[in-house]
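The values are calculated or read from the model by the stated rules, or taken from the named source; none is laboratory data. Treat the numbers as computed from the prediction; the structure is a model and nothing was measured. All Cβ positions, glycine included, derive from the backbone under ideal geometry; neighbour counts span all protein chains shown. Heads up: the accessible areas ignore ligands, DNA and RNA and are worked out on the full protein's heavy atoms, side chains in. Shrake-Rupley method; radii C 1.70, N 1.55, O 1.52, S 1.80 Å.
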Amino acid sequence: MDPRHLATVPLLPVHQDSNFGKSAAVVFGVAIGLSVLLLSAPASATNLLNSVATSRPVANGVHLRSAPAQRMALSSTVSQSLPRASSAATETTLVSQGSPLTSVMAFMAGCTFAVAGLFMQLRPQVKSPGPVAMFTTSASKIEGDAAAPAGTKDLHVVPPVIGQDKDPNSIRRRMEAMLRAGQQSICEAIEKCDGKGKFRTDAWMREDGGGGITKVLADGAVWEKAGIALSVVWGAMPQPALHAATERAPEYLKKLELKPGERVPFFVCGLSCVMHPRDPFCPTMHFNYRLFQVHNGDKEVWWFAGGTDITPSYLDEEDMKHFHGTYKKICDKYDPYFYEEFKKWADEYFLIKHRGETRGLGGIFFDDLNDRDQETLFKFCGECLNAVVPAYVPIIEKHKNDSFTPEQKRWQLVRRGRYTEFNLVYDRGTIFGLKAGGRIESILMTLPENACWEYNSHPVPGSEEDKIMQAFKKPRSWV
């Protein structure tokens with residue numbers, strides 16, 4: 001049976017409530033009656049005993065487990081005590097004589113039932129725990145909305161604006177508007193390329209301040225899962241959450257003049273996306289662009305962060321030249337050192353340290369970017385966001401109908417396992433979201449639906465899998 005169909009499995013209780021005691025009292029009474037009958041009418045009592053012994057007492061539909069044992073013990077005692085007879089007549093005559101031995105055994109049987117009944121009447125009554133949950137799935141809803149953890153609440157209507165700022169020209173409102181427009185245009189392009197899947201939209205609010213819009217496509221023709229989540233949140237976070245968000249947390253805390261243990265007022269507006277295709281020759285893609293602000297009174301620190309990176313399972317050098325080349329052109333418009341710096345940063349950031357290999361083949365990554373005016377960096381983030389479709393979708397169009405073998409699919413799932421390891425162990429966005437009390441479904445949206453881990457798995461030397469593994473272990477330049 002499919003485990004998803006086993007939402008609850010009721011466990012059979014040994015006894016239930018006071019009904020068990022009542023049944024025990026009945027057994028007690030029956031035992032006394034049997035004793036009298038055995039002494040006064042042995043033949044009739046023997047038939048009655050056999051009839052009772054072959055039936056099973058029931059309490060609330062639950063068989064009393066002591067009955068079979070009692071029946072077997074009594075039958076054994078009687079059969080061993082009564083002399084073997086060659087005929088039914090001889091047995092009837094022997095019993096009807098009311099021998100002392102028969103009377104003694106009847107008395108002992110009655111006592112046995114009586115003591116057992118008294119014991120069961122006096123033992124504590126334990127209530128059944130009822131059905132015990134054994135299997136649940138992320139899609140099931142036991143009570144309320146499973147997608148809305150404590151601290152967040154799902155909305156039925158998508159709000160036109162999430163942020164609190166009244167001025168539409170403020171950097172916060174403009175960042176939200178830019179990211180929402182990017183979310184919408186990217187979803188439209190992905191739906192068009194997929195041809196089957198449609199994005200589901202969930203809007204939510206956070207009790208401590210802010211909310212978001214999460215869009216997820218599942219079971220598409222091209223993508224197994226694609227998600228793109230907007231978050232606009234604010235409040236006061238514990239200092240460890242700031243350390244998870246940025247390596248420069250000590251510097252920022254000093255600028256804000258916050259004492260150890262004081263919470264950090266913050267505002268974050270970001271758009272995060274991960275897309276996991278079906279075909280092993282179609283790469284996974286991730287991007288994230290965000291504005292982060294922390295403040296204390298009139299003291300404020302802000303920075304931009306983000307990037308776009310690609311994670312193929314098989315190496316196509318032309319694809320990598322196209323992807324990296326697209327972002328190099330944008331970087332070069334703003335600073336001749338941006339691409340080189342941000343590409344190196346991506347290779348270092350997306351390293352799975354315990355494996356000694358990168359998650360994918362990089363792209364660009366930057367954090368704590370506040371070395372020039374806000375307007376310039378705002379435009380830079382906007383251009384990088386708008387480059388997602390031209391950098392990624394042509395690669396998918398090129399490979400979405402490629403044939404593949406079960407072994408090639410297996411390799412893709414192994415690499416998905418590596419992807420999952422990085423996201424749960426090292427990814428700053430995941431760690432920050434969990435520590436800051438974000439919406440769990442949106443935070444873990446980045447994980448693939450399917451992945452696998454094989455013990456001590458290594459690609460065959462010289463194979464296509466080994467070829468890309470070498471690129472994971474030794475990052476190289478693509479443009």
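Would you work out what percent of the accessible area of the range 152-473, with all protein chains in place, is carbon or sulfur (probe 1.4 Å)?
Working: 7410 of 13990 Å².
Percent of accessible area from carbon and sulfur atoms in the range 152-473: 53.
Stokes-Einstein diffusion of the range 140-273 at 10 °C, 1.306 mPa s viscosity, Kirkwood radius from Cα pairs, rounded to a whole number: 94 µm²/s.
The trypsin sites (Lys or Arg not before Pro) of the range 415-479 that DSSP puts in a loop, and whose beta carbon has at most 12 other beta carbons within 10 Å, are R476.
Approximating the spin labels as points 7 Å out from Cα along Cα→Cβ, the V479-to-Q164 distance works out to 4.1 nm. Per residue, the average separation of C-alpha pairs within less than 8 Å and at least 6 apart gives the range 152-473 a relative contact order of 16 percent.
What is the sum of charges around D279, taking Lys and Arg as +1, Asp and Glu as -1, for the other residues whose C-beta is under 11 Å from the C-beta of D279? Provide the component values of the computation, followed by the final result.
Numbers: positive: R278, K398, K400, K409; negative: E224, D402.
Charge balance near D279 sits at +2.
Pop the C-beta distance of V157 and N370 into the FRET formula with R0 = 30 Å and round what comes out to the nearest 0.05.
0.25
Note on H354 and Q470: the model spin-label points, each 7 Å out from Cα along the C-beta direction, lie 2.9 nm apart.
Where does the charge balance sit around G433 when Lys and Arg score +1, Asp and Glu -1, over other residues with C-beta under 10 Å from its C-beta? Here the charged neighbours net out to +2. Note that the range 462-479 has calculated 3J(HN,Hα) couplings of x, 7, 5, 5, 5, 4, 6, 4, 5, 6, 5, 7, 9, x, 9, 8, 10, 9 Hz, one per residue in order, obtained from phi through the Karplus relation 6.51 cos²θ - 1.76 cosθ + 1.60 (θ = phi - 60°); glycine and proline are x. The charge dipole of the range 152-473, taken about its Cα centre with unit charges on the Cβ atoms of Lys, Arg (+1), Asp and Glu (-1) only, comes to about 500 debye.
Based on the Stokes-Einstein relation at 25 °C and a viscosity of 0.890 mPa s, and on the Kirkwood radius from alpha carbon pairs, the range 152-473 is assigned a translational diffusion coefficient of 121 µm²/s. Among the trypsin sites (Lys or Arg not before Pro) found in the range 218-314, those both in a DSSP coil and sparsely packed, with 15 or fewer other Cβ atoms within 10 Å of their Cβ, are R263. Solvent exposure of the range 152-473 amounts to 43 Å² per residue of accessible area, where only protein heavy atoms count and the probe is 1.4 Å. Count Lys and Arg as plus one, Asp and Glu as minus one, and take only other residues whose Cβ is under 11 Å from that of G325; the net charge is then 0. The alpha carbon centroids of the range 302-366 and the range 399-425 are separated by 20 Å.
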